[in-house]
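Since every read-out is calculated from the coordinates, none of them should be taken as a lab result. Worth saying up front: this structure is predicted, and the values here are computed from it rather than measured. Glycine also receives a Cβ, built like all others from the backbone with ideal geometry; neighbour counts cover every protein chain displayed.
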Amino acid sequence: TAASLHGQTDLAVGTALGSNITNILLILGLAALLRPFTVHSDILRRELPLMLLVSVLAALVLYDGQLTRLDGLFLLALALLWLLFTIKIARLAERQGSDSLTREQLAELPREGSLPVALLWLGVAMIVMPMATRMVVDNSTVLANYFAISELTVGLTVVAIGTSLPELATAIAGARKGEDDIAIGN
C-alpha cells in the first residue's frame, strides 16, 4: 500500500504477487521438507480451492496490464466477502465442535491477558508500521536503482521474501511441532 501511495505501482504489484508466490512455493515447500503433513481442517480444505481461484482472478484482473480503482474496489469487496464467509464458517464449526483446528486453537488461547496491554501494543504497532513500510519502499527503490533492475523485479523477489519471513517462521515452527494445519494455513 505504501508503494502505491507513492506512485510505485510496479513495486506494489510485484510485492503482492511475489509474496503469494513465496508463501506457496518457498514456505510451503520448506515446511513439507522438514516434515510431510496432511490437512485435517475442513476450513483449510475449503480455502485451498479458493486460493487457486483467487490466483486465477488476480491474473484476469492484471491481464490488461492495468490495475484500476474499479479493479481495486472489486478485489476489496471480494476480500470482505471472503472474510465474512470465513468468520461465519469458523463460528459454525466452533459451535458444532466439528473442526479440529478450531478446537486446538481455542484450547491454546491464553485465558489471562490485559486489554490495556493489548491496546498499548496495538498502538505501538500502528505507529511503527507506517515508518517501517516507508523504509522498505525507500530502500527497495535504492536497490532497484543500484542494480539497474525494475521495481517490479525487486518487489517480486527481495521485498516479497522479506515480507514473508514471519510466515516462514510460523510454518517451520508448525511443521516442527507437528501442527500440520497451522503450517499449511499460514
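Descriptive notes on the structure:
- For the range 126-137, 3J(HN,Hα) per residue [Karplus equation, 6.51 cos²θ - 1.76 cosθ + 1.60, θ = phi - 60°, Hz, x = Gly/Pro]: 5, 7, 6, 4, x, 5, 5, 5, 5, 5, 4, 4
- In sequence order, calculated HN-Hα J values of the range 160-167 (Karplus, 6.51, -1.76, 1.60; Hz; x Gly/Pro): 4, 5, x, 6, 9, 4, x, 5
- If you plug the beta carbon distance of T153 and V124 into 1/(1 + (r/R0)^6) with R0 = 22 Å, you get a FRET efficiency near 0.10.
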